[in-house]
Amino acid sequence: MSDTYPATIAAIRAGLAQGEFTARALAGHYYERIAATEAPAAPAANAWLTLCRERAEVQADRVDALARQGQPLPPLAGLPLAVKDVISMRGVRTTCGSRMLEHYIAPYDATVIEKLETAGALLLGKVNCDEFAMGSSTENSAFGPTRNPRDPSRVPGGSSGGSAAVVANGSALAALGSDTGGSIRQPAAFCGVVGLLPTYGRVSRYGLVAFGSSLDHIGPLTRSVDDAARLLGVLAGPDPRDATCADVPVPDYAAQLAALPAGFRIGVVKEAWGGGLDSQVEATVRRALDRLAGAGCDIVEVSLPHLHASIATYYIVATAEASANLARFDGVRYGLRAEAESLGEMYRKTREAGFGAEVKRRILLGTYVLSSGYYDAYYRKAQLARALLARDLDRAFAQADLLVTPTTPGTAFKIGERISNPLEMYLADIYTVPADLAGIPAISVPCGEAAGLPVGLQFMGRHFDETRVLQAARLWESLHTPPA
């Protein structure tokens, strides 16, 4: 049997159905790849935190039994997939990249985990992330930073840095990530893969450890737009266990990529081309826009007047929600518990030992903006600014089918370069946070390189219009041949 396996969901499913290889052998191949990428001589990617080999092999045997019997295979049959370690898997560690939950074993599966396994996916294990998904570099993990496969001296982005890295280094074909302010799309851009943010409410959050409850999304990272579409088709849909999950029809996204429209009216956000944008990133993205125009797209300029306020708005809303959500980690019910002589001292010692610096910073900021005397000055004002940004987006979509920006203002930075400068780190999310604040879908696709590092192109769409977002990304993908 060849050691070379197909690199798309559709091809894996077809190969299994035709008996070209088995899901058990495919799983073994990917575990060998994991071992190679995590070997110290590599240097180690430090992307995988917990492996689930026995569980994956049981699933592989189910898929192989169906194939031997000539039964129809489920849509994701044999897909080797990684799971960001903020999503619960029954009987598996769910650390959230934190000492607080280092030994926590989840007692149930998230809805997305149930859906993936029902669809035949092989869940290889859990991957590294910024602690409680708070960060843009995966340097905030209590278990050390993950390295970018394109340059091990650089970050893979965050907070879903482990998810992007394992797709980019070939130790998984796809991964689940979560996105609160750009945590799927930014690492996808830094690692040169596809990262999809679904509409808020399109995918159930049941089983996702909460960071910002009005902002959190689960979505896929893949090597191709078609694979992202196939994964979204499985992940999407209503869930009675998540009151924020919308009961709206789920299209056949993959089928709708088969016949692309003749062209799109693409709105270029004029405020995105300002200070802080790397000149090589700008040139790369502008070349992509020229090629889209040459392919029949109508490129128009649109305005988001409140884009400049999105970072401040996001870091008030998100930290306020984080301070409430993380109050449950107090040493009483589960997770780390420090020994102390009084309840108050136990709370303090547990949270001091369990949380890292960035999580503490965000809890303090969130508690401050919610406190008496400051709520109106900060949190209420941030919610008003959020509404203004959503209105700006509605007006822009009245002029265009889709909006486009660079995914990030720069390329992957060096490990350690920004960790002591939170403001500089936060500003790297300027183009991604608007979609989270408004709850609209967005995707980052590779669009070239700047100084030898990947650059991402971001498309944003109207609520529940993932179809058009995916179609535009697929059109670009058909025009763009990534460097070898």
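Observations on the structure shown:
- Inter-probe distance in nm under a simple model that places probes 7 Å from Cα toward Cβ, at Ala65 and Lys360: 5.1 nm
- FRET efficiency, 1/(1 + (r/R0)^6) with R0 60 Å, evaluated for Ala42 and Arg333 via beta carbons: 0.95
- Calculated from backbone phi, Karplus (6.51, -1.76, 1.60) coupling profile of segment 318-324 in Hz, x at Gly/Pro: 5, 6, 4, 5, 5, 5, 6
- Where labels lie 7 Å past Cα in the beta-carbon direction, separation of Leu260 and Asp394 in nm: 3.2 nm
- Placed amide H near Leu402: partners under 5 Å, 5+ positions off or other chain: Arg265, Gly267
- Segment 221-264 and segment 292-332 have Cα centres lying 22 Å from one another.
- Segment 25-107: trypsin sites (Lys or Arg not before Pro) in DSSP coil with no more than 13 other Cβ atoms inside 10 Å: none
- Cross-link partners of Lys349 among lysines (Cα-Cα below 25 Å; sequence separation of 8 or more within a chain): Lys360
- Think of each Lys and Arg Cβ as +1 and each Asp and Glu Cβ as -1; about the Cα centre, that makes the dipole of segment 9-248 roughly 200 debye.
- Neighbour-count order for Glu32, Glu139, fewest beta carbons within 10 angstrom listed first: Glu32, Glu139
- Theoretical FRET efficiency, 1/(1+(r/R0)^6), r = Cβ-Cβ of Glu20 and Ser279, R0 51 Å, to 0.05: 0.60
- Annotation for segment 412-454 versus segment 86-114: alpha-carbon center distance of 26 Å.
- Ranking of Ser159, Ser372, Ser88 by count of other Cβ atoms within 10 Å, fewest first: Ser372, Ser88, Ser159
- For segment 9-248, convex hull of alpha carbons as volume per residue, Å³: 110 Å³
- The chain: antiparallel DSSP beta bridges as a percent of all, rounded to 5: 65 percent
- Across segment 183-199, rounded Karplus estimates of 3J(HN,Hα) from the backbone phi angles (6.51 cos²θ - 1.76 cosθ + 1.60, θ = phi - 60°) give 6, 9, 6, 5, x, 4, 5, 5, 9, x, 10, 9, x, 10, 9, x, 4 Hz, Gly and Pro being marked x.
- Our note on the geometry: Cα centres of segment 124-187 and segment 365-401, 28 Å apart.
- Treating r as the C-beta distance of Ala35 and Thr118 and R0 as 41 Å, the FRET efficiency rounds to 0.90.
- This ranking places Met134, Met346 by how few other beta-carbon atoms lie within 10 Å of each, fewest first, which gives Met346, Met134.
- Near Ile299, the amide H atoms lying under 5 Å from its own belong to Ile266; only residues 5 or more places off or on other chains count, and H is placed 1.01 Å from N.
- Fully extending the segment from Asn421 to Arg291 would add 43.1 nm, taking 0.36 nm per residue of separation and subtracting the current Cα-Cα distance.
- Karplus-derived HN-Hα couplings along segment 342-354 (A = 6.51, B = -1.76, C = 1.60, θ = phi - 60°), whole Hz, x at Gly and Pro: 9, 4, x, 5, 5, 4, 4, 5, 4, 6, 5, 7, x
- Close amide H contacts of Leu49 (hydrogens built in the peptide plane, cut-off under 5 Å, sequence separation of 5 or more or a different chain): Lys126, Val127, Asn128.
Each value in this text was obtained by applying a stated rule to the coordinates, not by laboratory testing. Remember, it's a predicted structure, so these values are computed and weren't measured experimentally. No Cβ is skipped: glycine too gets one built from the backbone with ideal geometry, and neighbour counts run over all protein chains shown.
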